[in-house]
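The values are calculated or read from the model by the stated rules, or taken from the named source; none is laboratory data. The model shown is predicted, which means the values in this text are computed figures rather than measured ones. Neighbour counts run over all protein chains shown; Cβ positions are idealised from the backbone, glycine included. Surface accessibility is based on the protein's heavy atoms, side chains included, excluding ligands, DNA and RNA. Shrake-Rupley method; radii C 1.70, N 1.55, O 1.52, S 1.80 Å.
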Amino acid sequence: MNISRRDFVEQALLAATAALASGNGVSVSAAEDSQPERKVGPNEKLRVAAIGVNGQGGSHIGEWMKNPDVDLVAVCDCDPASYQKHVKRFENLPHQPKFVQDVRKLLEDKSIDAVSIATPNHWHALMSVWAMQAGKDVYVEKPCSHNVREGRVMTNWARKLGRICQMGVQSRSMTGMRQTLEFIHSGKIGKVTQARAICFRERPSIGLVDTPAKIPDGLDLDLWCGPAPKAAPIRKKFHYDWHWVFNTGNGDLGNQNPHELDKARWGIGKQELPKRVISLGGRLGYVDNGDVANSQVTIYQWDDAMIISDVRGLPIKTPVTFGLKAGAFKGAANIWYGTEGYVVGPNYASGVAFDKDGNEIGAWKGGEYQAHFANFVKAIRSRNHKDLHLDIEDGHLSSALAHLGNVSYRRGTVVPLGTRPSQFTDNHHVTETLTSFEDHLKEHNVDFNATKFYLGQELTIDPKTELSTDPEANKLFTREYRAGFVLPETV
(Lines give C-alpha, C1' and ligand atoms only; values in the text may rest on other atoms or scores of the structure.)
Protein backbone atom coordinates (compact mmCIF):
# COMPACT_ATOMS: atom_id res chain seq x y z
CA MET A 1 0.00 0.00 0.00
CA ASN A 2 1.95 2.98 -1.31
CA ILE A 3 -0.30 5.75 0.01
CA SER A 4 1.21 9.15 0.69
CA ARG A 5 0.84 10.75 4.11
CA ARG A 6 -0.91 13.74 2.58
CA ASP A 7 -3.43 11.59 0.67
CA PHE A 8 -4.20 9.51 3.70
CA VAL A 9 -4.69 12.46 6.02
CA GLU A 10 -7.03 14.13 3.54
CA GLN A 11 -9.07 10.97 3.07
CA ALA A 12 -9.22 10.21 6.78
CA LEU A 13 -10.41 13.74 7.55
CA LEU A 14 -13.11 13.42 4.93
CA ALA A 15 -14.25 10.16 6.47
CA ALA A 16 -14.31 11.40 10.03
CA THR A 17 -15.86 14.80 9.48
CA ALA A 18 -18.58 13.65 7.12
CA ALA A 19 -19.87 10.99 9.52
CA LEU A 20 -20.85 9.10 6.42
CA ALA A 21 -22.21 6.04 8.14
CA SER A 22 -25.37 7.93 9.02
CA GLY A 23 -26.21 8.39 5.35
CA ASN A 24 -28.17 11.56 6.20
CA GLY A 25 -27.81 15.08 4.90
CA VAL A 26 -25.20 14.23 2.29
CA SER A 27 -24.17 17.08 0.04
CA VAL A 28 -21.65 17.28 -2.77
CA SER A 29 -18.69 19.60 -3.02
CA ALA A 30 -16.71 20.16 -6.21
CA ALA A 31 -18.31 17.14 -7.85
CA GLU A 32 -20.34 16.49 -10.97
CA ASP A 33 -24.12 16.60 -10.91
CA SER A 34 -25.93 13.68 -12.46
CA GLN A 35 -26.78 13.86 -16.14
CA PRO A 36 -30.50 14.29 -16.83
CA GLU A 37 -32.04 10.83 -16.81
CA ARG A 38 -33.98 9.47 -19.75
CA LYS A 39 -37.65 9.14 -18.88
CA VAL A 40 -38.70 5.54 -19.42
CA GLY A 41 -42.35 4.98 -20.21
CA PRO A 42 -44.30 2.31 -18.31
CA ASN A 43 -44.47 0.10 -21.42
CA GLU A 44 -40.98 0.89 -22.65
CA LYS A 45 -38.08 -1.49 -22.23
CA LEU A 46 -35.11 -0.45 -20.12
CA ARG A 47 -31.95 0.01 -22.15
CA VAL A 48 -29.16 -1.84 -20.32
CA ALA A 49 -25.41 -2.27 -20.87
CA ALA A 50 -23.26 -5.07 -19.40
CA ILE A 51 -19.74 -4.06 -18.33
CA GLY A 52 -17.02 -6.68 -17.82
CA VAL A 53 -18.08 -9.91 -19.51
CA ASN A 54 -15.09 -12.24 -19.33
CA GLY A 55 -16.48 -14.16 -16.33
CA GLN A 56 -19.57 -13.49 -14.23
CA GLY A 57 -20.60 -10.81 -16.69
CA GLY A 58 -21.47 -13.57 -19.13
CA SER A 59 -24.23 -14.57 -16.72
CA HIS A 60 -25.40 -10.96 -16.68
CA ILE A 61 -25.75 -11.06 -20.46
CA GLY A 62 -27.91 -14.17 -20.20
CA GLU A 63 -30.14 -12.72 -17.50
CA TRP A 64 -30.68 -9.46 -19.40
CA MET A 65 -31.48 -11.36 -22.59
CA LYS A 66 -34.20 -13.42 -20.91
CA ASN A 67 -35.83 -10.42 -19.16
CA PRO A 68 -38.79 -9.18 -21.24
CA ASP A 69 -38.55 -5.70 -19.70
CA VAL A 70 -34.94 -5.19 -20.83
CA ASP A 71 -33.21 -4.39 -24.06
CA LEU A 72 -29.49 -5.26 -23.93
CA VAL A 73 -28.08 -2.47 -26.07
CA ALA A 74 -24.35 -2.52 -25.31
CA VAL A 75 -21.50 -4.60 -23.98
CA CYS A 76 -18.37 -2.98 -22.60
CA ASP A 77 -15.03 -4.62 -21.86
CA CYS A 78 -11.43 -3.45 -22.08
CA ASP A 79 -10.66 -6.82 -23.72
CA PRO A 80 -12.41 -7.14 -27.13
CA ALA A 81 -12.09 -10.93 -27.00
CA SER A 82 -14.42 -10.98 -24.00
CA TYR A 83 -17.15 -9.48 -26.17
CA GLN A 84 -16.42 -11.68 -29.17
CA LYS A 85 -16.97 -14.91 -27.26
CA HIS A 86 -20.61 -13.89 -26.70
CA VAL A 87 -21.45 -12.74 -30.23
CA LYS A 88 -23.21 -15.97 -31.24
CA ARG A 89 -25.60 -15.51 -28.31
CA PHE A 90 -26.89 -12.34 -29.95
CA GLU A 91 -27.93 -13.93 -33.25
CA ASN A 92 -31.61 -14.20 -32.31
CA LEU A 93 -31.89 -10.72 -30.86
CA PRO A 94 -33.63 -7.96 -32.84
CA HIS A 95 -30.29 -6.16 -32.90
CA GLN A 96 -26.76 -6.98 -31.79
CA PRO A 97 -25.59 -5.03 -28.73
CA LYS A 98 -22.89 -2.58 -29.69
CA PHE A 99 -19.38 -3.09 -28.34
CA VAL A 100 -17.63 -0.28 -26.45
CA GLN A 101 -14.12 -0.82 -25.11
CA ASP A 102 -13.82 2.32 -22.94
CA VAL A 103 -16.36 2.57 -20.11
CA ARG A 104 -16.05 6.35 -20.18
CA LYS A 105 -17.33 6.39 -23.75
CA LEU A 106 -20.15 4.03 -22.86
CA LEU A 107 -21.34 6.27 -20.03
CA GLU A 108 -21.58 9.23 -22.40
CA ASP A 109 -24.49 7.47 -24.11
CA LYS A 110 -27.56 9.14 -22.59
CA SER A 111 -29.90 6.55 -24.10
CA ILE A 112 -28.62 3.88 -21.67
CA ASP A 113 -30.77 3.60 -18.54
CA ALA A 114 -28.78 1.13 -16.45
CA VAL A 115 -25.56 -0.85 -16.35
CA SER A 116 -24.47 -4.07 -14.71
CA ILE A 117 -20.85 -4.37 -13.59
CA ALA A 118 -18.83 -7.59 -13.33
CA THR A 119 -15.29 -6.26 -13.68
CA PRO A 120 -12.40 -7.06 -11.32
CA ASN A 121 -13.17 -5.82 -7.80
CA HIS A 122 -10.87 -2.81 -7.87
CA TRP A 123 -13.10 -1.20 -10.51
CA HIS A 124 -16.50 -1.76 -8.87
CA ALA A 125 -16.85 1.41 -6.83
CA LEU A 126 -15.39 3.92 -9.28
CA MET A 127 -17.34 2.51 -12.22
CA SER A 128 -20.56 2.52 -10.18
CA VAL A 129 -20.10 6.14 -9.11
CA TRP A 130 -19.24 7.25 -12.65
CA ALA A 131 -22.36 5.46 -13.92
CA MET A 132 -24.60 7.05 -11.29
CA GLN A 133 -23.15 10.48 -12.08
CA ALA A 134 -23.95 9.78 -15.74
CA GLY A 135 -27.61 9.22 -14.87
CA LYS A 136 -27.62 5.41 -14.90
CA ASP A 137 -28.87 2.93 -12.34
CA VAL A 138 -26.36 0.26 -11.31
CA TYR A 139 -26.31 -3.48 -10.64
CA VAL A 140 -22.81 -4.27 -9.33
CA GLU A 141 -21.34 -7.64 -8.47
CA LYS A 142 -20.12 -8.58 -5.02
CA PRO A 143 -18.14 -7.27 -3.33
CA CYS A 144 -19.56 -3.92 -4.33
CA SER A 145 -16.32 -2.31 -3.18
CA HIS A 146 -12.61 -3.05 -3.01
CA ASN A 147 -12.12 -1.50 0.44
CA VAL A 148 -14.22 -0.35 3.40
CA ARG A 149 -14.39 3.30 2.44
CA GLU A 150 -15.66 2.77 -1.11
CA GLY A 151 -19.00 1.22 -0.13
CA ARG A 152 -20.02 4.20 1.95
CA VAL A 153 -19.04 6.58 -0.85
CA MET A 154 -21.18 4.55 -3.28
CA THR A 155 -24.13 4.65 -0.90
CA ASN A 156 -23.93 8.39 -0.49
CA TRP A 157 -23.75 8.99 -4.22
CA ALA A 158 -26.79 6.77 -4.75
CA ARG A 159 -28.77 8.77 -2.19
CA LYS A 160 -27.54 12.14 -3.42
CA LEU A 161 -28.39 11.40 -7.04
CA GLY A 162 -31.50 9.30 -6.44
CA ARG A 163 -30.02 6.33 -8.25
CA ILE A 164 -31.01 2.69 -7.84
CA CYS A 165 -27.93 0.61 -6.96
CA GLN A 166 -28.12 -3.11 -6.16
CA MET A 167 -25.34 -5.54 -5.23
CA GLY A 168 -25.32 -8.90 -6.98
CA VAL A 169 -25.80 -11.42 -4.18
CA GLN A 170 -28.51 -13.45 -5.87
CA SER A 171 -29.58 -15.42 -2.81
CA ARG A 172 -31.24 -12.24 -1.49
CA SER A 173 -33.96 -12.79 -4.12
CA MET A 174 -34.18 -16.60 -4.04
CA THR A 175 -37.65 -17.66 -2.85
CA GLY A 176 -36.29 -20.46 -0.67
CA MET A 177 -33.71 -18.23 0.98
CA ARG A 178 -36.17 -15.41 1.63
CA GLN A 179 -38.55 -17.91 3.28
CA THR A 180 -35.66 -19.28 5.33
CA LEU A 181 -34.78 -15.82 6.63
CA GLU A 182 -38.44 -15.05 7.35
CA PHE A 183 -38.48 -18.16 9.55
CA ILE A 184 -35.28 -17.10 11.33
CA HIS A 185 -36.72 -13.66 12.03
CA SER A 186 -40.03 -15.14 13.20
CA GLY A 187 -38.48 -16.18 16.53
CA LYS A 188 -39.29 -19.86 16.10
CA ILE A 189 -35.70 -20.86 16.92
CA GLY A 190 -35.49 -18.21 19.62
CA LYS A 191 -33.14 -15.26 19.60
CA VAL A 192 -30.46 -15.60 16.92
CA THR A 193 -27.15 -14.05 17.93
CA GLN A 194 -24.52 -16.21 16.22
CA ALA A 195 -24.02 -17.27 12.62
CA ARG A 196 -21.42 -18.97 10.45
CA ALA A 197 -20.40 -17.96 6.92
CA ILE A 198 -18.77 -21.04 5.36
CA CYS A 199 -16.66 -21.09 2.20
CA PHE A 200 -15.06 -24.47 1.52
CA ARG A 201 -13.94 -24.07 -2.10
CA GLU A 202 -10.73 -25.57 -3.41
CA ARG A 203 -8.44 -22.91 -4.87
CA PRO A 204 -5.29 -24.42 -6.41
CA SER A 205 -2.00 -22.59 -6.74
CA ILE A 206 -1.83 -20.00 -9.53
CA GLY A 207 1.84 -20.85 -10.09
CA LEU A 208 5.04 -18.99 -9.39
CA VAL A 209 6.80 -16.93 -12.07
CA ASP A 210 8.92 -13.80 -12.08
CA THR A 211 7.70 -12.39 -15.39
CA PRO A 212 4.51 -10.51 -16.34
CA ALA A 213 1.53 -12.38 -17.70
CA LYS A 214 0.97 -12.11 -21.45
CA ILE A 215 -1.42 -9.25 -22.13
CA PRO A 216 -4.27 -10.48 -24.35
CA ASP A 217 -4.22 -9.08 -27.88
CA GLY A 218 -6.20 -5.85 -28.09
CA LEU A 219 -6.67 -5.46 -24.33
CA ASP A 220 -6.28 -1.88 -23.07
CA LEU A 221 -3.99 -2.31 -20.06
CA ASP A 222 -4.52 1.27 -18.89
CA LEU A 223 -8.27 0.65 -18.66
CA TRP A 224 -7.84 -2.77 -17.08
CA CYS A 225 -5.64 -1.31 -14.32
CA GLY A 226 -7.90 1.70 -13.79
CA PRO A 227 -7.54 2.89 -10.16
CA ALA A 228 -4.63 0.50 -9.52
CA PRO A 229 -1.03 1.17 -10.52
CA LYS A 230 -0.47 0.63 -14.23
CA ALA A 231 1.57 -2.55 -14.59
CA ALA A 232 1.13 -5.97 -16.13
CA PRO A 233 0.53 -8.50 -13.33
CA ILE A 234 3.35 -10.88 -12.40
CA ARG A 235 1.70 -14.30 -12.80
CA LYS A 236 1.07 -17.02 -15.37
CA LYS A 237 -2.53 -16.23 -16.32
CA PHE A 238 -3.77 -12.70 -16.92
CA HIS A 239 -7.51 -13.11 -16.40
CA TYR A 240 -9.37 -14.37 -13.31
CA ASP A 241 -6.32 -14.78 -11.07
CA TRP A 242 -6.64 -11.08 -10.20
CA HIS A 243 -8.84 -12.42 -7.37
CA TRP A 244 -5.77 -13.66 -5.51
CA VAL A 245 -3.79 -10.40 -5.20
CA PHE A 246 -4.84 -7.50 -2.98
CA ASN A 247 -4.12 -4.89 -5.62
CA THR A 248 -7.16 -5.95 -7.64
CA GLY A 249 -9.00 -8.61 -5.61
CA ASN A 250 -9.88 -9.60 -2.05
CA GLY A 251 -9.28 -13.37 -1.85
CA ASP A 252 -12.17 -15.74 -1.24
CA LEU A 253 -13.13 -13.79 1.87
CA GLY A 254 -14.07 -11.03 -0.57
CA ASN A 255 -14.91 -13.20 -3.59
CA GLN A 256 -17.21 -16.03 -2.55
CA ASN A 257 -17.81 -15.20 1.08
CA PRO A 258 -19.69 -11.89 0.62
CA HIS A 259 -22.63 -14.14 -0.32
CA GLU A 260 -22.42 -15.95 2.99
CA LEU A 261 -21.43 -12.92 5.07
CA ASP A 262 -24.46 -11.09 3.72
CA LYS A 263 -26.83 -13.92 4.65
CA ALA A 264 -25.21 -14.24 8.07
CA ARG A 265 -25.62 -10.52 8.77
CA TRP A 266 -29.17 -10.62 7.37
CA GLY A 267 -30.00 -13.40 9.82
CA ILE A 268 -28.69 -11.66 12.94
CA GLY A 269 -30.28 -8.39 11.84
CA LYS A 270 -27.30 -6.04 12.08
CA GLN A 271 -27.38 -2.78 10.09
CA GLU A 272 -23.99 -1.45 11.12
CA LEU A 273 -20.40 -2.61 11.15
CA PRO A 274 -19.22 -4.78 14.06
CA LYS A 275 -17.28 -3.25 16.92
CA ARG A 276 -14.49 -5.85 16.96
CA VAL A 277 -12.88 -7.90 14.17
CA ILE A 278 -9.98 -10.34 14.16
CA SER A 279 -8.77 -12.68 11.42
CA LEU A 280 -6.17 -15.43 11.25
CA GLY A 281 -4.75 -17.79 8.63
CA GLY A 282 -2.52 -17.45 5.59
CA ARG A 283 -1.78 -18.44 2.02
CA LEU A 284 -0.92 -21.95 3.06
CA GLY A 285 0.15 -25.18 1.37
CA TYR A 286 1.83 -23.71 -1.70
CA VAL A 287 4.01 -20.79 -2.74
CA ASP A 288 2.80 -18.79 -5.73
CA ASN A 289 2.21 -15.27 -7.02
CA GLY A 290 -0.89 -14.77 -4.88
CA ASP A 291 -0.72 -12.62 -1.76
CA VAL A 292 -4.19 -13.15 -0.24
CA ALA A 293 -5.05 -15.83 2.32
CA ASN A 294 -6.44 -19.10 1.00
CA SER A 295 -7.25 -20.35 4.52
CA GLN A 296 -8.76 -17.79 6.87
CA VAL A 297 -11.02 -17.61 9.92
CA THR A 298 -12.48 -14.21 10.79
CA ILE A 299 -14.55 -13.33 13.86
CA TYR A 300 -16.94 -10.35 13.85
CA GLN A 301 -18.37 -9.19 17.16
CA TRP A 302 -21.19 -6.79 17.92
CA ASP A 303 -22.29 -6.09 21.50
CA ASP A 304 -24.85 -8.91 21.37
CA ALA A 305 -24.04 -10.94 18.26
CA MET A 306 -21.24 -12.68 16.38
CA ILE A 307 -20.44 -13.97 12.89
CA ILE A 308 -17.71 -16.53 12.25
CA SER A 309 -16.34 -16.63 8.72
CA ASP A 310 -14.55 -19.86 7.76
CA VAL A 311 -12.68 -19.91 4.43
CA ARG A 312 -10.76 -23.03 3.37
CA GLY A 313 -9.12 -23.14 -0.05
CA LEU A 314 -7.33 -26.48 0.36
CA PRO A 315 -9.37 -29.64 -0.36
CA ILE A 316 -11.62 -30.89 2.45
CA LYS A 317 -10.39 -34.36 3.39
CA THR A 318 -12.34 -35.10 6.56
CA PRO A 319 -16.05 -34.17 6.42
CA VAL A 320 -16.91 -31.11 8.54
CA THR A 321 -20.24 -31.28 10.41
CA PHE A 322 -19.71 -28.94 13.40
CA GLY A 323 -21.59 -31.53 15.43
CA LEU A 324 -24.89 -30.96 13.60
CA LYS A 325 -27.28 -33.44 12.00
CA ALA A 326 -27.47 -31.42 8.80
CA GLY A 327 -24.73 -33.42 7.12
CA ALA A 328 -21.21 -32.50 6.07
CA PHE A 329 -20.57 -28.99 4.81
CA LYS A 330 -19.00 -28.34 1.45
CA GLY A 331 -18.88 -25.45 -0.96
CA ALA A 332 -20.63 -22.39 0.43
CA ALA A 333 -23.10 -22.56 3.32
CA ASN A 334 -24.52 -20.79 6.36
CA ILE A 335 -25.60 -21.72 9.87
CA TRP A 336 -27.71 -19.51 12.14
CA TYR A 337 -27.87 -20.42 15.84
CA GLY A 338 -30.87 -19.55 17.98
CA THR A 339 -31.61 -20.21 21.64
CA GLU A 340 -34.20 -22.85 20.63
CA GLY A 341 -32.61 -24.40 17.54
CA TYR A 342 -30.63 -23.69 14.41
CA VAL A 343 -31.04 -23.22 10.66
CA VAL A 344 -28.72 -24.42 7.91
CA GLY A 345 -28.52 -22.83 4.46
CA PRO A 346 -26.54 -25.34 2.34
CA ASN A 347 -26.65 -23.22 -0.83
CA TYR A 348 -28.06 -19.98 -2.29
CA ALA A 349 -31.67 -21.10 -2.48
CA SER A 350 -32.63 -23.36 0.41
CA GLY A 351 -32.70 -23.71 4.17
CA VAL A 352 -33.52 -26.37 6.76
CA ALA A 353 -34.51 -25.65 10.38
CA PHE A 354 -33.89 -27.89 13.38
CA ASP A 355 -34.87 -27.77 17.03
CA LYS A 356 -32.31 -28.11 19.83
CA ASP A 357 -32.48 -31.91 19.59
CA GLY A 358 -31.73 -31.94 15.87
CA ASN A 359 -35.29 -32.67 14.74
CA GLU A 360 -36.22 -31.05 11.45
CA ILE A 361 -38.95 -28.43 11.91
CA GLY A 362 -39.03 -26.70 8.54
CA ALA A 363 -37.50 -26.63 5.06
CA TRP A 364 -37.61 -24.25 2.09
CA LYS A 365 -36.10 -24.26 -1.37
CA GLY A 366 -36.41 -22.68 -4.77
CA GLY A 367 -35.38 -19.66 -6.75
CA GLU A 368 -33.36 -18.53 -9.74
CA TYR A 369 -30.78 -15.87 -10.58
CA GLN A 370 -33.29 -13.97 -12.73
CA ALA A 371 -35.27 -13.00 -9.62
CA HIS A 372 -32.49 -10.68 -8.43
CA PHE A 373 -32.21 -8.97 -11.81
CA ALA A 374 -36.01 -8.67 -11.98
CA ASN A 375 -36.01 -7.08 -8.53
CA PHE A 376 -33.50 -4.49 -9.77
CA VAL A 377 -35.75 -3.70 -12.73
CA LYS A 378 -38.76 -3.37 -10.45
CA ALA A 379 -36.95 -0.81 -8.29
CA ILE A 380 -35.87 1.15 -11.36
CA ARG A 381 -39.54 1.37 -12.34
CA SER A 382 -40.64 2.49 -8.89
CA ARG A 383 -37.63 4.81 -8.31
CA ASN A 384 -37.63 3.57 -4.71
CA HIS A 385 -34.40 2.03 -3.39
CA LYS A 386 -36.38 0.42 -0.58
CA ASP A 387 -37.86 -1.96 -3.14
CA LEU A 388 -34.42 -3.49 -3.66
CA HIS A 389 -33.67 -6.80 -1.98
CA LEU A 390 -30.02 -5.75 -1.61
CA ASP A 391 -29.69 -1.99 -1.74
CA ILE A 392 -26.17 -0.61 -1.97
CA GLU A 393 -26.05 0.26 1.74
CA ASP A 394 -26.66 -3.37 2.68
CA GLY A 395 -24.17 -4.34 -0.02
CA HIS A 396 -21.63 -2.00 1.53
CA LEU A 397 -22.07 -3.41 5.04
CA SER A 398 -21.70 -7.01 3.87
CA SER A 399 -18.73 -6.25 1.60
CA ALA A 400 -17.05 -4.27 4.36
CA LEU A 401 -17.10 -7.35 6.58
CA ALA A 402 -14.78 -9.05 4.10
CA HIS A 403 -12.55 -5.98 3.88
CA LEU A 404 -12.29 -5.66 7.67
CA GLY A 405 -11.19 -9.29 7.92
CA ASN A 406 -8.51 -8.67 5.34
CA VAL A 407 -7.31 -5.51 7.11
CA SER A 408 -6.92 -7.49 10.34
CA TYR A 409 -5.06 -10.25 8.48
CA ARG A 410 -2.73 -7.84 6.67
CA ARG A 411 -1.89 -6.16 9.96
CA GLY A 412 -1.11 -9.51 11.60
CA THR A 413 2.06 -11.16 12.83
CA VAL A 414 3.52 -14.60 12.11
CA VAL A 415 2.65 -17.12 14.82
CA PRO A 416 2.76 -20.91 15.24
CA LEU A 417 -0.30 -22.91 14.21
CA GLY A 418 -2.54 -23.25 17.25
CA THR A 419 -2.14 -19.64 18.36
CA ARG A 420 -5.63 -18.30 18.99
CA PRO A 421 -7.27 -14.98 19.90
CA SER A 422 -7.35 -14.90 23.69
CA GLN A 423 -10.70 -13.15 23.99
CA PHE A 424 -12.86 -15.97 22.55
CA THR A 425 -11.71 -18.95 24.61
CA ASP A 426 -15.15 -19.34 26.21
CA ASN A 427 -17.14 -19.32 22.97
CA HIS A 428 -18.00 -22.86 21.89
CA HIS A 429 -18.54 -22.07 18.21
CA VAL A 430 -15.25 -20.19 17.93
CA THR A 431 -13.19 -22.92 19.59
CA GLU A 432 -14.98 -25.59 17.54
CA THR A 433 -14.18 -23.70 14.33
CA LEU A 434 -10.53 -23.13 15.20
CA THR A 435 -10.01 -26.77 16.19
CA SER A 436 -11.53 -27.98 12.91
CA PHE A 437 -9.54 -25.36 10.96
CA GLU A 438 -6.24 -26.38 12.57
CA ASP A 439 -6.94 -30.09 12.02
CA HIS A 440 -7.70 -29.34 8.37
CA LEU A 441 -4.27 -27.70 7.91
CA LYS A 442 -2.51 -30.53 9.72
CA GLU A 443 -4.12 -33.04 7.34
CA HIS A 444 -2.40 -31.24 4.48
CA ASN A 445 1.01 -31.32 6.22
CA VAL A 446 1.41 -27.60 5.61
CA ASP A 447 5.00 -26.42 5.90
CA PHE A 448 4.68 -23.33 8.07
CA ASN A 449 8.27 -22.37 7.40
CA ALA A 450 7.51 -22.00 3.70
CA THR A 451 4.00 -20.55 4.07
CA LYS A 452 3.42 -18.43 7.15
CA PHE A 453 0.47 -18.51 9.53
CA TYR A 454 -0.71 -15.10 10.76
CA LEU A 455 -2.70 -13.96 13.76
CA GLY A 456 -4.33 -10.71 12.68
CA GLN A 457 -4.60 -7.47 14.57
CA GLU A 458 -7.77 -7.09 16.61
CA LEU A 459 -9.59 -4.11 15.15
CA THR A 460 -11.83 -1.92 17.27
CA ILE A 461 -14.37 -0.19 15.03
CA ASP A 462 -16.55 2.86 15.54
CA PRO A 463 -19.71 1.99 13.54
CA LYS A 464 -20.61 5.68 13.21
CA THR A 465 -17.42 6.76 11.45
CA GLU A 466 -16.66 3.30 10.02
CA LEU A 467 -13.04 3.72 11.07
CA SER A 468 -10.89 1.81 13.53
CA THR A 469 -9.08 3.25 16.50
CA ASP A 470 -5.71 2.54 14.81
CA PRO A 471 -4.56 5.10 12.19
CA GLU A 472 -2.20 2.53 10.65
CA ALA A 473 -5.06 0.07 10.10
CA ASN A 474 -7.21 2.89 8.70
CA LYS A 475 -4.74 3.32 5.85
CA LEU A 476 -6.01 -0.03 4.57
CA PHE A 477 -9.62 1.17 4.72
CA THR A 478 -8.94 3.05 1.49
CA ARG A 479 -6.32 3.03 -1.26
CA GLU A 480 -4.24 5.40 -3.35
CA TYR A 481 -6.04 6.02 -6.65
CA ARG A 482 -4.17 6.52 -9.87
CA ALA A 483 -4.52 9.89 -11.60
CA GLY A 484 -7.55 9.89 -13.84
CA PHE A 485 -9.21 7.13 -11.82
CA VAL A 486 -9.78 8.83 -8.45
CA LEU A 487 -12.99 7.92 -6.60
CA PRO A 488 -15.07 11.13 -6.26
CA GLU A 489 -15.83 11.86 -2.63
CA THR A 490 -18.99 13.26 -1.08
CA VAL A 491 -18.59 15.76 1.77
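General observations
- Residue match in the stretch 481-489 (condition: open to solvent by less than 20 Å² (accessible area, probe 1.4 Å) and part of a loop (DSSP other than H, G, I, E, B)): yes
- Residues being under 30 Å from Ala333 (Cβ atoms) and touching a strand residue (DSSP E or B) at 6+ places or on another chain (Cβ under 8 Å) - total across the stretch 193-234: 9
- Residues being open to solvent by 70 Å² or more (accessible area, probe 1.4 Å), free of Cβ contacts under 8 Å to residues at least 40 places away in the same chain and within 30 Å of Trp266 (Cα to Cα) - total across the stretch 179-230: 1
- Residue match in the stretch 31-48 (condition: under 23 Å from Tyr240 (Cβ atoms) and at pLDDT 95 or above): no
- The set of residues in the stretch 117-144 that are open to solvent by 10 Å² or more (accessible area, probe 1.4 Å) and among the hydroxyl-bearing types (Ser, Thr, Tyr) contains only Thr119.
- From the list Thr465, Thr419, the lone residue that is assigned to a loop (DSSP other than H, G, I, E, B), β-branched (Val, Ile, Thr), open to solvent by less than 60 Å² (accessible area, probe 1.4 Å) and farther than 30 Å from Gly162 by Cβ is Thr419.
- Members of the stretch 80-98 found to be in a loop (DSSP other than H, G, I, E, B) and either more than 17 Å from Val115 (Cα to Cα) or open to solvent by 50 Å² or more (accessible area, probe 1.4 Å) (or both), listed by number: Lys85, His86, Glu91, Asn92, Leu93, Pro94, His95, Gln96
- The residues of the stretch 248-260 that are touching a Cys at 6+ places or on another chain (Cβ under 9 Å), closer than 25 Å to Lys475 by Cα and either open to solvent by 10 Å² or more (accessible area, probe 1.4 Å) or not charged (D, E, K, R) (or both), listed by number, are Thr248, Leu253, Asn255, Gln256, Asn257, Pro258.
- Complete set of residues in the stretch 63-84 that are without any contact (Cβ under 8 Å) to a residue 12 or more places away in the chain and touching a helix residue (DSSP H, G or I) at 6+ places or on another chain (Cβ under 9 Å): none
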